[in-house]
1. What does the charge count around TYR51 come to, taking other residues whose C-beta lies under 12 Å from its C-beta (Lys +1, Arg +1, Asp -1, Glu -1)?
2. Using only the Cα atoms of segment 40-79, construct the convex hull and provide its projected area averaged over every direction, in square nanometres to one decimal.
Amino acid sequence: WGLLCSPPRLVPIFPRPMAASWVPDEGVLIEICEMLQKSQTATTELHQSIYHRLEELAAYPQFGMVLVYILVHEERATVTVRAAAGLLLKRSLTPHKLATLD
């Protein structure tokens, strides 16, 4: 019974994602991450302010790419920020936008 066994080798189920070839502007990335974080515990007034700012940013074509970046590549983002980015991305995909992807 005195046999020494090496511990099992841990293999990740999902390999580490490749480095992103597109990286958003750091200022925009930080602004969106902070808004998503604050939206979790915000007052009604702050919630409305965040909502209106996100609506403004959603008008830019790269807004969806920033959300994908946060969801997939941004290691500094908390789980709640990543989840909020994913939900916001999901809501932004309207039938019209999906039809243009074909």
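1. On the way: positive: LYS38, ARG53, ARG91; negative: GLU45, GLU55, GLU56.
Once positives and negatives cancel, what remains is 0.
2. 3.3 nm²
A short reminder: the numbers here are calculations on the coordinates, not readings from a lab. As the structure is a prediction and not an experimental result, all values here were calculated from the model. Every residue, glycine among them, receives a Cβ derived from its backbone with ideal geometry; neighbour counts consider all protein chains shown.
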